[in-house]
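Notes follow once the structure below has been shown.
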Amino acid sequence: MTAVAEPQHGAVHETGGGPRGWRHLTAPGFLRAAWMMPLFWLFGLGVVLFFRWLADYEPLWDWEVITTVAFLTTMPFGFLAGIGAFDYWAGYVIGRPTPEEDHSSHGATSWRDYFRVNTDHKVIGVQYLATTFFFFVVGGLMAMLMRAELARPGLQETTPQGFNGYVTTHAALMIFLFIIPAFAGLANFVVPLMLGAPDMAFPRLNALSYWLLPIAGIMLLGSFFAPGGPPAAGWTNYVPLSETQPWGNIFFSMAVQWAGASSIMTALNFLVTIITMRAPGMTFWRMPLLVWANFTTSMLVVVATPFIAASQFFVMFDRVMHTHFFDPAGGGYVLGYQHIFWFYSHPAVYIMMLPGFGIVSEVVAVMARKPVFGYRLMALSLMAILVLGFSVWAHHMFVAGMAPWLRVPMMVTSMIIAVPTGIKIFSWLATMWDGRIRLRTPFLFVCGFISMFVLGGLSGIMLAAVPIDIHVSDTYFVVAHIHYVLFGGSVFTIFAGVYFWFPKMTGRMYDEKLGRLHFWLTFIGFNATFFPMHIIGDQGMPRRVSDYADRFANWNLFISISSFFLGASTLVFFYNVIKSWRSGPPAPANPWNALTLEWQVSSPPPVFNFDTIPQVVGGPYEYGIPGARHAVLEPERMHEVAPEEVRS
């Protein structure tokens, strides 16, 4: 298959320069946001004072309530209004004539275009990735602070409360501000191209969903400046502890709301895009598995995320409005919080895994030069995980005091869900078998993922068994398990995806030697850091503590040294990305000789992706089949394309 002719890559911008004079203050951007944020803050303050005066509450100036409403709710809306996220919809609401679309906010011609509201899904994908990797670095630094404290017994540099603040913020950043949105960023860039679509179904909603993310991250980091310090109840934010924490816990609850809203908007956008904007001929059984993965993930997000939003709202209401949802003194149901929280948070594990499964399927097929083994069963296993994911939540609560009769059913379903996951593992291995494998950096990270995820899955099966779970609950065995699943699983696949689509996103090739160095340093550092945690966890070392018994000292020193080695390995990745983006060799349209549609256009892609509407004529993974093709971009010239051009 041949690539389309090289189009103009830049955005379509209006001419004549930017606004001048006083209009500069009212034009969308950070300058307008600078004066709209205080304005919206004053509005929030006025609302609080008015209703407290109306209800005769004392004191009138309750700064905890004012912080919740003015600082954490209305001020962020002022920022969004200032940068122009609501301009189109606001004009529609007030009856202003719809302006003619000039695509001035679509695409990027310079780095400045990445710092404004942009409706191009490719720009938004890069915005997501850059933002999430920033929070990845911050969360990683917090992990290093934790490991520095744990390098030897006793308190070194922090207090138990401060240590728990690092634990909570580290986990929240990695889950809500890195893994989940990083997958959304990769999918934002790739999925519309894979579908043959010009953009996402709702470009303005797509832009808005991104800008909610830095708000959530800044809010979470801002908790360190709140009276009493950051939230310290763990990322699970269990009650009643969370309701007695300092003000930082309110920042946590609101940050989760903003990040959750971003996830729901993005998921709805993906669902509509995948269902309604597929190219002619692309049936569901011709969709790439990455599209299937994001389809099922989006359904998980839409169904599950409102539950964590509700749990955090209830905690905040108990705290700020003095309700008693989870206050036992007022008749609240403490255990109900855990049921609500884990009904979201175990499906959230699959929200953080399924997109990675899709990335692995793409990389394995391309690098092994073979069709995906059991393509339809792979897609159906994603749907099975979607359904079963809502039936296993209470295995997190075996020692929480829930009804004993619920233990066995949850143990059984927690083991059954390993079946569709096992199908995927065997399918990837079968696809690799006897393939013409190219050991490039994306494939190395995929191999690392498969091996580490299998180990994490095995410890997950152990934790699903009630007797073992009771023994190792709240120990470092659980810490090891979750990191083998989320770092060895999710983060490895994110790295694989970044390396795999880096040429398409930037138009440059990365340095393969640096990529391989990054993989091996990460693989060795990861295992040296987290595998020993199984041992000390089985021996009884509790998690989320700043001090420990002397008998765990040697292992903890080894783990701390290894963690700094793991952190240093990430520097190789950032150096490679920055250096290659600036001065790497130009990337061809299809450096991997792949069949899916994103590789059939130039690198980087045109502003609106395709000059002609693609016509899908076959499956996405028919490597090694003479004359096979996934799609053609010029149907009228289909007969002119020689079969040799599309063979593997």
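The values are calculated or read from the model by the stated rules, or taken from the named source; none is laboratory data. Keep in mind that this is a model prediction, so the values were computed, not measured. A quick note on method: Cβ atoms are made from the backbone with ideal geometry, for glycine too, and the neighbour counts reach across all protein chains shown. Each accessible area value is taken on the protein alone, full model and side chains, heavy atoms only, with ligands, DNA and RNA left out. Shrake-Rupley method; radii C 1.70, N 1.55, O 1.52, S 1.80 Å.
Some observations on this one:
- Its Cα gyration tensor gives the range 444-565 an equivalent ellipsoid. The semi-axes, each the square root of 5 times an eigenvalue, are 32, 17, 10 Å from largest down.
- Taking packing as the residue-averaged number of other Cβ atoms within 10 angstrom, the listed peptides 543-549, 123-129 run from highest to lowest as 123-129, 543-549.
- Mean shadow area of the chain over all directions, Cα convex hull, nm²: 30.8
- As a length-normalised measure over Cα pairs under 8 Å and 6 or more apart, the relative contact order of the chain settles at 16 percent.
- Dipole magnitude of the chain, debye to nearest 20 (Cβ charges: Lys/Arg +1, Asp/Glu -1, about Cα centre): 1020
- Solvent-accessible ranking of Arg508, Arg147, largest area first, probe 1.4 Å: Arg508, Arg147
- Remark: C-alpha extents of the range 201-284 on the principal axes read 58, 23, 11 Å, sorted largest to smallest.
- Among the lysines of the chain, pairs that are 8 or more positions apart or on different chains and have alpha carbons within less than 24 Å of each other number 7.
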